[in-house]
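Presented below is the structure to which this report refers.
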Amino acid sequence: AGDSEEKFYEILNEAVLEEYRDGKTYLEYAKEYGLELLLDFLALKDMATEAGEAVSEEERTAELEELDSQIDTMLEYYATAYNVSTRDELMQLLVGVNVNDYKPVYIDQLFVSEYANEVIEEMEPEDEALKAFYEKNPDDYRIVTIRHISKSLLDEEGNALSETEQAEVLRLMEALQSKLENGDSAEALVMGYSDSSDASYSAGLLDLQKSSASIAQEVIDWAFAQNEIGAISLIKTDSSYELVIIEGLTNYSESSGTVASSTYTSTETVVASVTSAYKNEAFDESVQAYVAEHNLTLTDVQSEVVDQVAEEFLTYDGEAAEEE
C-alpha cells in the first residue's frame with residue numbers, strides 16, 4: 001500500500017495499532033500469540049526429549065547440508081532482486097539471523113515437528129468421541145452441494161450496472177426462480193443463463209465447505225443454514241444475483257442428493273476432516289497440560305526478544321531505503 005516504502009511503513013504502523021478484539025490492538029494480539037507459540041514450542045521440545053526422541057549426527061548433517069543447498073539455490077535466484085551476495089545477507093533478510101545462528105533453530109523445528117507428527121499419527125480416537133466432536137460444530141465439517149445460476153451486476157469494465165439494468169437482471173432471475181420452483185431442469189437453466197465459468201464444466205454444481213472461497217459469503221451463509229434438498233433462494237451479492245438450489249448434503253454419517261465431486265465429497269471425507277481436527281485439538285490440549293503441570297513460563301529475555309522483533313519489523317529504515 002502507498003506509493004513509497006516510507007508510506008507503506010506509515011500505513012502498516014497505523015493498521016497494527018487499530019483494535020482487533022477484546023480491547024487489544026492487532027499488535028498486542030500478535031505479540032501475545034507469538035509468545036504463546038514460542039512457549040508451546042519450548043514445551044514440545046522438552047516433551048520430545050523426555051520421550052527419548054533425538055536427532056542423530058547423521059540426520060543433523062544431512063539436514064544441514066540440505067539447508068545449505070536450499071539457501072544457495074535461493075541466493076542464485078534472488079541475489080539480484082534482494083541486492084545480496086552472501087548466505088548471511090540473504091538469511092538476515094529472510095529470518096533476521098546469520099546462517100550458522102539459524103541452523104540450531106532449524107534443527108529444533110524439524111525435531112519438534114517430527115515428534116508432533118508421530119504422536120498425532122499414533123492417536124486412535126474412538127468413533128463415539130469423533131461423533132461427539134463433530135456434533136459440537138457440524139458446519140465446520142459437513143459439505144453442502146449447491147447448483148447456482150449467476151448473473152453479473154457489473155459491466156465488462158467492472159463497473160456497476162445502472163439501476164435500470166440491475167432491475168432487468170432481477171426480473172430475469174425472478175422468472176428463472178419461478179421456473180425452478182415449477183420443476184424446470186436446474187442444469188438446463190444454468191447452461192442457458194448463468195454467467196459463471198463453472199456453468200460450462202460442472203453445470204453450476206459446487207461442493208461447499210464453510211470456509212470455501214469459491215463463491216460469495218452470502219451464498220455460503222444461506223447454504224449452511226439449509227437442511228433440505230431442493231431448497232431455493234435468490235441472493236444478491238456485491239457483484240451478482242445468485243439463484244441457488246441445494247443439491248446435496250453430506251455429513252458425518254450420510255450423504256444425500258447430488259455432489260459435484262464424488263472423489264472429494266463423501267462421508268469418508270467428512271470423517272477424515274473431523275479425525276484430523278480432533279487429533280490436533282487433543283494434541284494441543286496435551287501440550288497445554290504439560291505447560292500447566294510444569295509451570296512453564298517464558299523468561300523476561302525471551303519476551304524482550306519478541307518485543308524487539310516487532311519493533312524492528314515495524315521500523316522504517318530511511319538510510320537503507322536510500323541505498324537501495
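The values are calculated or read from the model by the stated rules, or taken from the named source; none is laboratory data. A quick note: this is a predicted structure, and the numbers were derived from the prediction, not measured. All Cβ positions, glycine included, derive from the backbone under ideal geometry; neighbour counts span all protein chains shown. For the accessible areas, the whole protein counts, side chains as well, though only heavy atoms, and no ligand, DNA or RNA atoms are used. Shrake-Rupley method; radii C 1.70, N 1.55, O 1.52, S 1.80 Å.
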**Message:** Suppose every Lys and Arg Cβ carries +1 and every Asp and Glu Cβ carries -1, with no other charges. What dipole size does the chain come out with about its Cα centre, to the nearest 20 debye?
**Reply:** 1740
**Fill in**
Checking T265, T275, T73 against a Gaussian network model of the chain (alpha-carbon springs below 10 Å), the top fluctuating residue turns out to be T73
**Prompt:** Taking 0.36 nm per residue of separation and subtracting the Cα-Cα distance, what length does fully extending K45 through D139 add?
**Reply:** 30.4 nm
**Item:** Max mean-square fluctuation residue, GNM over the chain, Cα-Cα springs under 10 Å, options D238, D184, D22
**Value:** D22
**Request:** With a 10 Å radius around each residue's Cβ, average the other Cβ atoms per peptide and rank 148-155, 245-252, 292-299, highest first.
**Result:** 245-252, 148-155, 292-299
**Extension reserve of the D307-Y29 stretch, reckoned as 0.36 nm per residue once the Cα distance is removed** = 98.9 nm
**Item:** Spacing of the two label points (7 Å from each Cα toward its C-beta) at E59 and E285, in nm
**Value:** 2.8
**Fill in**
With every protein chain kept in place and a 1.4 Å probe, the chain has an accessible area per residue in Å² of 62
**Request:** Could you work out how far the C-alpha centroid of region 157-206 sits from that of region 1-53, in angstrom?
**Result:** 44
**Asked** When mean projected area of the Cα convex hull in nm² is calculated directly from the model, which label among [x] 23.9; [y] 16.8; [z] 21.1 fits?
**Response** [x]
**Prompt:** Once you put a point 7 Å from the Cα of E228 and another 7 Å from the Cα of L93, both along the Cβ direction, what distance in nm separates them?
**Reply:** 6.0
**Prompt:** Amide H to amide H under 5 Å from L208: which residues, 5+ apart in sequence or cross-chain, H placed 1.01 Å off N in plane?
**Reply:** V144, T145, I146
**Asked** For region 139-196, what is the charge dipole size about the Cα centre, in debye to the nearest 20, if Lys and Arg each add +1 at the Cβ and Asp and Glu each add -1 at the Cβ?
**Response** 320
**Fill in**
Here the equivalent ellipsoid of region 81-211, derived from its Cα gyration tensor, has semi-axes (largest first, whole Å) of 50, 30, 12
**Message:** Rounded, prolate or oblate, given the Cα gyration tensor of region 23-149, with a/c below 1.5 counting as rounded?
**Reply:** prolate
**Prompt:** Hey, what do the phi angles of region 42-55 turn into as Karplus ³J(HN,Hα) couplings, whole Hz, using 6.51/-1.76/1.60 and θ = phi - 60°, x for Gly and Pro?
**Reply:** 5, 5, 4, 4, 5, 4, 5, 5, 5, 7, x, 6, 7, 9
**Request:** Using DSSP to define loop residues, name the GluC sites (Glu not before Pro) in region 152-228 whose beta-carbon has at most 11 other beta-carbon atoms within 10 Å.
**Result:** E156, E157, E228
**Asked** Carbon and sulfur: what percent of the chain's accessible surface (1.4 Å probe)?
**Response** 47
**Item:** Those GluC sites (Glu not before Pro) in region 106-137 that DSSP places in a loop and that have at most 16 other beta carbons within 10 Å
**Value:** E126
**Fill in**
For the chain, the count of lysine pairs 8 or more apart or interchain whose alpha-carbon atoms are under 18 Å apart comes to 6
**Request:** With only Lys, Arg, Asp and Glu charged, each at its Cβ (+1 for the first two, -1 for the last two), find how big the charge dipole of region 41-110 is about the Cα centre; round to the nearest 20 debye.
**Result:** 300
